[in-house]
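These notes are about the structure you will find just below.
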Amino acid sequence: MLERLIGLLRGEVQAEATEQGPFERRLIAVAALLLETMYVDRSASDVEQQAVKRLLMARFQLPPERVEQLLGIAEVRYAEALDDWEFAEAVRVGFDLADRQEILAMLWEVAYVDGLEKLEGRLMKRLAAQLELRTPSPSPGPPPVPAPASSAASPTNADHRLHPPQDRYKETPFMKTFHGISLSEGTAAFLARPQRMLIGGARVEAVSGATLPVVDPASGEAFCQVPAGDAADIDRAVAAARHAFEAGEWPRMRPIDRERLLLRLADLLEANAQE
């Protein structure tokens, strides 16, 4: 893996158009990007796997046994990869514009075959930029719904799936008030339950059992109590973090898997932005 990183830093990956073995580097790169599209949502359905094989057979005129061989090699390269950039770069260098557009359309088809997830939409936009395609290829998903006569500019289904409607971010009706402040139901429920510190994956009180009030600056009223952490709590938090770093799953993950988890976290934060 160190040699691969050094090659990336030196730009040697860019210069490689072929490699020793039964397949050109650019073909392995296409297969690896198809695998990345299939795995980006952390699941690979049967319908996605069949779509990947079908697309490789049709695009490169390969018999089934050769497709299996190509995917086997691509799986190994994908597992070793520091990032999918090296595959996108091999495709960018190895194919002309028309071919890259067709390859991006293949990726879209895999993304849509079992329903487009947000992570897949993000991946498509990033790969389009890396392949030097100004905008994502038209997706092979469901056809757009005709716009009502009163709103001819309504976005298509694909637009909705890649760019969630703005009303998703509007405030929900206020359900409760707390010390004169209007709160959504979820926020009120959060404030009503006992507050804890998150250490080592567990919600815990301070070692001392002490708490501090959280004061509303507008009214001067305390609206909840939180643990009053001190040096003992800092020590156990640091110890938990050290254990997670040295013995947990995160340090053993490939960078590409960490990226997926961080993107998933971003999606969850966005979905719960009101709280």
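The values are calculated or read from the model by the stated rules, or taken from the named source; none is laboratory data. Nothing here was measured: the structure is a model prediction, and the numbers come from that model. Because the Cβ atoms are built from the backbone with ideal geometry, glycine has one as well, and the counts that use them run over all protein chains shown. Heavy atoms of the whole protein, side chains included, go into the accessibility calculation; ligands, DNA and RNA do not. Shrake-Rupley method; radii C 1.70, N 1.55, O 1.52, S 1.80 Å.
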message: I'd like the accessible area for Tyr39, computed on protein heavy atoms only with a 1.4 Å probe and all protein chains in place. Round to 10 Å², please.
response: 60
field: Furthest towards positive pole of dipole, Ala44, Pro63, Tyr78, structure part segment 37-102, Cβ charges
entry: Pro63
- request: Could I have the simple spin-label model distance between Val93 and Glu75, label points 7 Å from Cα toward Cβ, reported in nm to one decimal?
  value: 2.7
field: Simple spin-label estimate for Ile234 and Ala218 in nanometres, 7 Å along Cα-Cβ
entry: 3.4
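Kindly identify segment 24-115 as rounded, prolate or oblate by the Cα gyration tensor criterion: order the square roots of the eigenvalues as a ≥ b ≥ c, call it rounded if a/c is under 1.5, otherwise compare a/b with b/c, prolate if a/b is larger, else oblate. Walk me through the numbers on the way to the answer.
Working: a/c = 1.22, a/b = 1.14, b/c = 1.06.
Since a/c stays below 1.5, the shape of segment 24-115 is classed as rounded.
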- line: Taking a crude spin-label model, label points 7 Å out from Cα along the C-beta direction, the Glu132 to Gln195 distance in nm is 5.4
- prompt: Using 1/(1 + (r/R0)^6) with R0 = 22 angstrom and r between the beta carbons of Arg203 and Asp257, what's the FRET efficiency to the nearest 0.05?
  reply: 0.25
Accessible area, probe 1.4 Å, largest first, for residues Ile73, Ile234: Ile234, Ile73
field: Euclidean distance between Cα centres, segment 114-134 to segment 211-275, Å
entry: 29
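Let's test the formula: R0 of 30 Å, r as the Cβ-Cβ distance of Lys125 and Phe245. What FRET efficiency results, to the nearest 0.05? Present the calculation step by step, with values, prior to reporting the outcome.
On the way: r = 32 Å, r/R0 = 1.06.
Between Lys125 and Phe245 the formula returns 0.40.
Please report the relative contact order for segment 202-275, taking Cα pairs under 8 Å with a sequence separation of at least 6, and give it as a percent rounded to a whole number.
Numbers: 43 pairs, mean separation 14.7, N = 74.
Answer for segment 202-275 is 20 percent.
Regarding segment 236-275, what whole-number volume in Å³ per residue does the convex hull of its Cα atoms give? Don't jump to the answer; show the numbers that get you there.
Numbers: hull volume 2.9 nm³, N = 40.
So the per-residue hull volume is 71 Å³.
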